[in-house]
1. For segment 312-360, report the translational diffusion coefficient in µm²/s to the nearest whole number, using Stokes-Einstein at 25 °C, 0.890 mPa s, and a Kirkwood Rh over Cα pairs.
2. Given a cut-off of 28 Å, name the pairs among K103/K224; K46/K85; K32/K221; K318/K360; K304/K353 whose C-alpha atoms lie farther apart than that in the structure shown.
3. Gain in length, D142 to N24, computed as 0.36 nm per residue apart minus the alpha-carbon separation, to one decimal in nm?
4. If one puts a single equal scatterer on every Cα of segment 41-98 and applies the Debye formula without solvent, what log₁₀ I(q)/I(0) results at q = 0.19 Å⁻¹?
5. Which value at 222 nm does the chain reach when only helices count, each DSSP H run of 4 or more adding -39,500 (n - 2.57), with the total divided by all residues and rounded to the nearest 500 deg cm²/dmol?
6. Take every Cα pair under 8 Å in the chain that's 6+ residues apart, average their separations, divide by the length, and report that relative contact order as a whole percent.
7. At each listed q (0.11, 0.12 Å⁻¹), what is the log10 of I(q)/I(0) that the Debye formula gives for segment 87-204 modelled as equal alpha-carbon point scatterers?
8. If you build the convex hull over the alpha carbons only and average its shadow over all orientations, what do you get for the chain? Give it in nm² to one decimal.
Amino acid sequence: MSNFISQFLPCYTVGPDAYENVPNICRRFGTKAVAVGGHRALAAAKPELEKALAGSDIKIIDYIWYGGEASIENSEMVAGTDSYKEADMIFAVGGGKALDTCKYAAMILSKKPIFTFPTIAATCAPASAEAIMYYPNGVARDTYQCGRPAEHIFINTKIIAEAPDLYLWAGIGDTMAKHFETELAARGKEVTYKQALGVEIGTMCYKPLVKYGAQAIDECKANKAGNDLEQIALTNIITTGTVSALVGVTINSNVAHSLCYGLTVLPQVEKNHLHGEIVSYCTLVLLFADGQDDKVDELFPLYKAIHLPTKLADLEVKTDELGPVIEKALSVDDIKFVPYKVTAKQLMDAIVKLENYNNK
């Protein structure tokens, strides 16, 4: 029986001309690529990709729609096309669902080298080594481990700047939780080297957000691929992906995501609010529940500047609706990864404290 650990971490190229590095990075994998993604993502990336590949040995032999949902069925559909079978490598283009569809197809079904080309900076999907899959009707299915991240990530900040700022905004909200959840989950535990490394890197999941977040949103609204937007794109994609890869499931999330899952039992929250938006609110609740009031003081100006939710009304929730929310939050596995027992009273007290904080 072998006794060793291998760890693969994300590699990336970033900038408004990031695609110019595609021939240099990808040439050792062959000459034929197939690009797979959403319709709008492919339309945004195609001109830049074609320009970058002109005169090189690499050709994109086909552009394939991923099917519209991150499902095993769509992964099988993509992997079954003639052009996919002919290709030496896969260029996965778009947001999280398109990239996860491609990761499942390339890393689980067919073992082809895959490169990710995020067109939004909403999640760490371009850099993560897992595929979150759904049933064709959109119901959550399971998370599948891919073993390693994509070979390389090409983050074209010009394309991200031209995408709706809503995606960057939601990405900031989701990323905000990463440091506080991993730090809480690791507290008092005997962690491995790579888990400790992930927790330390996790501080970069919130400090750049506080420093660059508001300006990055302004740049995105102006379709400007500036330094602030680049810093946030790297934080949302690379830093979170790296932390997740290092810390593992038991340290990756807890209170904020548990409460998020709880809030989604309310139809108005599930229908009208984005995952990262909900998680950002729940991060403030986590901080009050854990006695980190000073961190709320640090984060609140950013929340107000970019209009992340800070109170129940921002999510269309009333206090008398919280019973099933907290019951659900305390039932999911994530809530177990805390160094103490989280109670319904503790969550309710933190929510009330946050409501009162808003009224100051």
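Please treat every number below as a calculation from the coordinates, not as lab data. Keep in mind it's a predicted model, so treat the numbers as computed, not measured. All Cβ positions, even for glycine, are placed from backbone atoms using ideal geometry, and neighbour counts span all protein chains on display.
1. 206 µm²/s
2. Exceeds cut-off: K103/K224; K32/K221.
3. Residue separation times 0.36 nm, minus the Cα-Cα distance, leaves 38.9 nm.
4. With one equal scatterer per Cα and no solvent, log10 I(q)/I(0) is -0.75.
5. Computed ellipticity for the chain at 222 nm equals -14500 deg cm²/dmol.
6. Computed value for the chain: 15 percent relative contact order.
7. With no solvent term, the Cα-only Debye profile gives -0.44, -0.52.
8. Taking the Cα atoms of the chain, their convex hull projects to 18.3 nm² on average.
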